[in-house]
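**Q** Below is the structure I would like to discuss, written out as structure tokens.
The values are calculated or read from the model by the stated rules, or taken from the named source; none is laboratory data. Worth saying up front: this structure is predicted, and the values here are computed from it rather than measured. Don't worry about glycine lacking a Cβ; one is built from the backbone with ideal geometry, like all the others, and counts go over all protein chains shown.
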Amino acid sequence: MPIIRKHKSDLVILFSALGLMALGLIVIYAIGPMRANVLNNTYGTDYDSNFFFVGQLRSVGLSLLAFFAAFKWIPYKYIKKFAKPLMIIALILSGLLWILAMAHSSMVKCELGECRWFNFGGLSFQPAEFLKLAMVIYLADFLARKREEGVVGRWQEFWLPLLIVCGLSLFLVVIAQGDLGTGVALIAIIFGTLLVSGVPARQYLIMLALVLAVAVGAVATSAHRMERVTAWLTTLTGGESTDSTYHIENAMLAIGTGGMFGVGVGNSVQATGYLPESINDSVFAIMGETFGFVGLFLVIAVFGVMLLRMLKVADSTADPNDRILVVGVFSWMLAQVVVNIMAMTSLVPVTGITLPLLSYGGTSMIFIAFAIGLVLQVSCYTSREVIKNENISSRRGLQGAYHSSSRRSS
């Protein structure tokens, strides 16, 4: 029979996450002064040269608190009891942001025509990032319960409530906030968790086709998004450079300039004002210029190893809720890593999506760190088949009781 025992967490995931945070700090320390100088000269602001590094350092500190809160201090069995309230709060915050933005409230922060942040005395909060975390926890609870009830795939008990919650979430993010990048992450979370929930393959493929059709429609009916698609196609076909191709051309130039080993920390040219969003969405290109092909290969390898370890945790977890949770976090991270890197290498159109744990920004890092902490908490439990007549208590490193998934604590 399967048994669940508490053991050490997955150290590969732990050190991968901490290493990426540290690398992000190094990059922001190197290019932060350049970013501050660009903004001061362009917009007349008065940012200190260490402004962005201090901000990133604060974000890392808060992220570590969130990380260890989810990993060690708050048992997941308590968190999942609040799956519905968390989802409701996330939807209310996203809806409130939309309403306040239409009212031109000072409580809302807007950039480049898009209003995606609450503004509290200079501190900003992006509810879409909270929505991602709430979506993962909610779907883990919802799908595990429906699977236990044996109603997965039924219209009224399963698809209707699921479509209401997911549809409203995507509307508030993609349509109301104009945030297609977060929409991509949410879609990845939804379909990643559905894949392991026992949904019939035919229904899964139909829903996936419908969502993709709606996504194409959302792009085709938006002049701004179509401009990005046109710029991408122009870059692929070697067409004439325009203002719309500027971002991707400079991203590729940064990566190409880095060569095999990069120009070194602090020697980036693109960060001096040529590459837009150098500390946010474009940080991968800046790392390519700084550390070269070898550096980018190592960064991708770290992400790859961490994601594969998450899959291993999901595969060895007996509790369906835990398994779906881990797959949800995996899908979230995979979507952001893949889309960000592909956008910076002109494999897909540029979209506003951060590189987890590396890009500048507090809200994104804090919530992804909390999610990874939950994965690490789940990784403290594994399952295996008991060998007949095995003397379990004699196995090295085991000191007594085994804990079932319903009685576990962290």
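**Q** Could you grab me the full set of residues in region 280-299 that are surrounded by fewer than 24 Cβ atoms within 10 Å (Cβ to Cβ), β-branched (Val, Ile, Thr) and touching a helix residue (DSSP H, G or I) at 6+ places or on another chain (Cβ under 7 Å)?
**A** Listed by number, the list holds a single entry, Val299.
**Q** Continuing with this model, one more query. Is it the case that Val152 is touching a Lys or Arg at 6+ places or on another chain (Cβ under 6 Å) and farther than 24 Å from Phe52 by Cβ?
**A** Details: touching a Lys or Arg at 6+ places or on another chain (Cβ under 6 Å): yes; farther than 24 Å from Phe52 by Cβ: yes.
So Val152 passes the test.
**Q** So, one more: Quick check on this structure: which one of Gly304, Gly288 is in contact (Cβ under 8 Å) with a residue 24 or more places away in the chain and either within 16 Å of Thr182 (Cα to Cα) or small (Gly, Ala, Ser) (or both)?
**A** On the way: Gly304 fails: in contact (Cβ under 8 Å) with a residue 24 or more places away in the chain.
Gly288 is the lone residue from the list that is in contact (Cβ under 8 Å) with a residue 24 or more places away in the chain and either within 16 Å of Thr182 (Cα to Cα) or small (Gly, Ala, Ser) (or both).
**Q** Determine if region 216-229 includes at least one residue that is over 30 Å from Phe53 (Cα atoms), assigned to a helix (DSSP H, G or I), among the β-branched types (Val, Ile, Thr) and in contact with a Lys or Arg (Cβ under 7 Å, 6 or more places away or on another chain).
**A** Within region 216-229 (the criterion being over 30 Å from Phe53 (Cα atoms), assigned to a helix (DSSP H, G or I), among the β-branched types (Val, Ile, Thr) and in contact with a Lys or Arg (Cβ under 7 Å, 6 or more places away or on another chain)), the answer is yes, since at least one residue qualifies.
**Q** Moving to a separate point now. Among the residues of region 99-117, what is the count of those that are closer than 18 Å to Gly183 by Cα and crowded, with 19+ Cβ neighbours inside 10 Å?
**A** Number of matching residues: 3.
Rundown of residues vs (1) out of contact with any strand residue (DSSP E or B) (no Cβ under 6 Å at 6 or more places or on another chain); (2) of a type in the set (Gly, Ala, Ser); (3) not in a helix (DSSP H, G or I), yes/no style:
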| position | (1), (2), (3) |
| --- | --- |
| Ser268 | yes, yes, yes |
| Leu275 | yes, no, yes |
| Leu311 | yes, no, no |
| Ala314 | yes, yes, no |
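Listed here are the residues, each with its yes/no results for (1) part of a loop (DSSP other than H, G, I, E, B); (2) modelled with pLDDT of 95 or more; (3) of a type in the set (D, E, K, R).
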| site | (1), (2), (3) |
| --- | --- |
| Val337 | no, yes, no |
| Ala343 | no, no, no |
| Ser346 | yes, no, no |
| Gly352 | yes, no, no |
| Tyr360 | yes, no, no |
| Phe367 | no, yes, no |
| Phe370 | no, yes, no |
| Gly373 | no, yes, no |
| Leu376 | no, yes, no |
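**Q** Against the conditions (1) in contact with a helix residue (DSSP H, G or I) (Cβ under 9 Å, 6 or more places away or on another chain); (2) surrounded by fewer than 21 Cβ atoms within 10 Å (Cβ to Cβ), where does Val60 fall short? Just the number, please.
**A** (2)
**Q** Can you go through Phe130, Phe158, Phe120 and tell me which one is at pLDDT 95 or above, aromatic (Phe, Trp, Tyr) and either in contact with a Leu (Cβ under 8 Å, 6 or more places away or on another chain) or exposed (fewer than 14 other Cβ atoms within 10 Å of the Cβ) (or both)? Step through it out loud before you land on a result.
**A** Values: Phe158 fails: either in contact with a Leu (Cβ under 8 Å, 6 or more places away or on another chain) or exposed (fewer than 14 other Cβ atoms within 10 Å of the Cβ) (or both); Phe120 fails: at pLDDT 95 or above.
Unique residue meeting the criteria: Phe130.
**Q** Of all residues in region 252-285, which are in contact (Cβ under 8 Å) with a residue 24 or more places away in the chain and of a type in the set (S, T, N, Q)?
**A** Correct list: Thr257, Ser268, Thr272, Ser278, Asn280, Ser282.
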